[in-house]
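Student: The structure under discussion is supplied below as structure tokens; questions concerning it will follow.
What follows draws every value from the coordinates through simple rules; no lab data is involved. Here the structure is a predicted model, which is why all the values come from computation and not from measurement. Here the Cβ positions follow ideal geometry from the backbone for every residue, glycine too, while neighbour counts run over all protein chains shown.
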Ligand code: GDP
Ligand code: ZN
């Protein structure tokens, strides 16, 4: 539906002339061989509607997906114009080069009789996730937070944690309940923010953290993801969000898109992001997704220790000594159980 379209078939009469300028930009939307490229450095002000021309210069070996959303590209604007799906008149251009991808997030697919594993890239260069948890309405659930953190870790994305709706609790409750949690998670190297989309608390900090990153927003329904984004930048909404988990009959677009931020950087709308990664990558090393376990992993008696029941487990000892939070260890055990169940289901 939102697929960008070139207005007309190109022929000698309508083809625009290529300009001399080669611009660096980011692919913010893709579909049907047409790419919207945001060229922030340019005076153009609007994205370019691009096709890929001829031989693409690629920094890496050729891929079946030469250009994906999130890619940084070099594009040459034309003098002609086309229209995107919303009817915006946009200058056309050609992508000539794709810069090397710093990272990518993909979905594994199994194809053919031998179930060959193929990875389809959903978005490139995503580097941060904003995990939104409400302190109330719905009540804070640290286990859910830990699951989101594992999802981020397993995809090598830096998490920022927003404890949102802070206006719904008293200063005393914040001191007693939220600040200890914030310290717990910041000791692991995560960034915790206390926010309120209602009063504006913490929004400036959130804006700063979003700057110059490509971030995805994670969180359950109703925690305030859309409200937070709208507070960060008016009109910035998360269109698809978690519609995926809500209704089977509901129509959704499965397109990935990036929304530019005024201060630089993008919010990535990645439908189904919760399933894009984690369980489809069977090779996730769960203990490594708990950064505070790292100190102890070499101290276990068995080097294949699951840290569940084995004697001489250094992780369990650290929990008993209070060096690892019991809530975190509980989350580890629950996720471990779920993974085992998922693997068992797959082979039965
Ligand atoms: P989403 O489903 O995560 O996108 O959540 P929404 O942004 O739609 O917010 C769900 C509900 O929570 C709405 O009624 C919002 O007005 C409300 N809400 C969001 N953020 C806050 C906040 O910081 N404080 C309060 N009191 N309500 C909020
Ligand atoms: Zn162990």
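Student: In nanometres, what is the gap between the two model label sites at residue 212 and residue 184, each 7 Å from Cα along Cα-to-Cβ?
Tutor: Result: 3.3 nm between the two label points.
Student: Residue 342 to residue 46: FRET efficiency via 1/(1 + (r/R0)^6), r the Cβ-Cβ distance, R0 51 Å, to the nearest 0.05? Intermediate values should be presented prior to the final figure.
Tutor: Details: r = 45 Å, r/R0 = 0.88.
With a Förster radius of 51 Å, E is 0.70.
Student: Moving to a separate point now. Which ordering of 196, 327 is given by a fewest-first count of other beta-carbon atoms within 10 Å? Before the final figure, lay out each step's value.
Tutor: On the way: 196 21, 327 14.
The order, fewest Cβ neighbours first, is 327, 196.
Student: Determine which residues of the stretch 125-142 fall in the zone a paramagnetic label at residue 158 would reach in this model, i.e. backbone nitrogen under 14 Å from the point 7 Å along Cα→Cβ.
Tutor: 126-131
Student: Extension gain residue 177-residue 113, at 0.36 nm per residue separation less the Cα-Cα distance, in nm? Can you show the working numbers first?
Tutor: Values: separation 64, 0.36 × 64 = 23.04 nm, distance 5.30 nm.
Here the segment from residue 177 to residue 113 would lengthen by 17.7 nm.
Student: A further question on this structure: Can you tell me how much longer the chain between residue 323 and residue 286 gets when fully stretched, taken as 0.36 nm per residue apart minus their C-alpha distance, in nm with one decimal?
Tutor: Working: separation 37, 0.36 × 37 = 13.32 nm, distance 1.87 nm.
11.4 nm is the gain from fully extending residue 323 to residue 286.
Student: Fewest Cβ neighbours within 10 Å first, please rank 97, 36 accordingly. Walk me through the intermediate numbers first.
Tutor: On the way: 97 15, 36 25.
Fewest-to-most ranking of 97, 36: 97, 36.
Student: Let me ask something else about it. In what order do 183, 257 fall by count of nearby beta-carbon atoms within 10 Å, going from fewest to most? Please list the in-between numbers first.
Tutor: Numbers: 183 10, 257 23.
Neighbour counts put them in this order, fewest first: 183, 257.
Student: Multiply the residue separation of residue 22 and residue 141 by 0.36 nm, subtract the distance between their alpha-carbon atoms, and state the gained length in nm to one decimal. Display every interim value, and only then the final one.
Tutor: Numbers: separation 119, 0.36 × 119 = 42.84 nm, distance 4.89 nm.
37.9 nm is the gain from fully extending residue 22 to residue 141.
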